[in-house]
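The structure appears right after this line, and notes come after that.
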């Protein structure tokens, strides 16, 4: 992180075909090695396939898929004293949208399809129960509870034999100290 000032947020310009910022964000996330024209071709083909299959506006379908993937809560580690707790926090809107786009592209790449555009069209038109991405979203929104403290040290599981650094367990059982 920079020491002087926070990094400036650069606005995402809308794409050339659909005039939508979300489509441009998906294109930027699909892009590998700076090959933007290849990424545009993949995303536009996926949106065309999506439009043919559903018969609706593909950009609206993409927005609905991203909305279904958007997380509400996120768990972060917080250190209190000597213990580390998983604390659920609300996700800011910008980060939530970035995570949803990242998961959409990640699961589209993991699918075993012949082309990336076919895989992306199937992933983006999915309902919340038909793909793996919403499960990741649900995993992010789950509530984390602290781990229970461990019981006192006993030897052999019997409550009468407590370990004592000065006398030892055998002496305790003989004396009858509990």
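FYI, it's all coordinate maths here, none of it is from the lab. Worth saying up front: this structure is predicted, and the values here are computed from it rather than measured.
Listing for the model above:
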item: Alpha-carbon spread of the stretch 1-93, three principal axes, descending order, Å; result: 57, 33, 21
item: Linear extension gain, residue 35 paired with residue 94, 0.36 nm per residue minus alpha-carbon span; result: 18.8 nm
item: Contour excess over end-to-end distance, with Cα ends at residue 6 and residue 84 and 0.36 nm allotted per residue; result: 25.4 nm
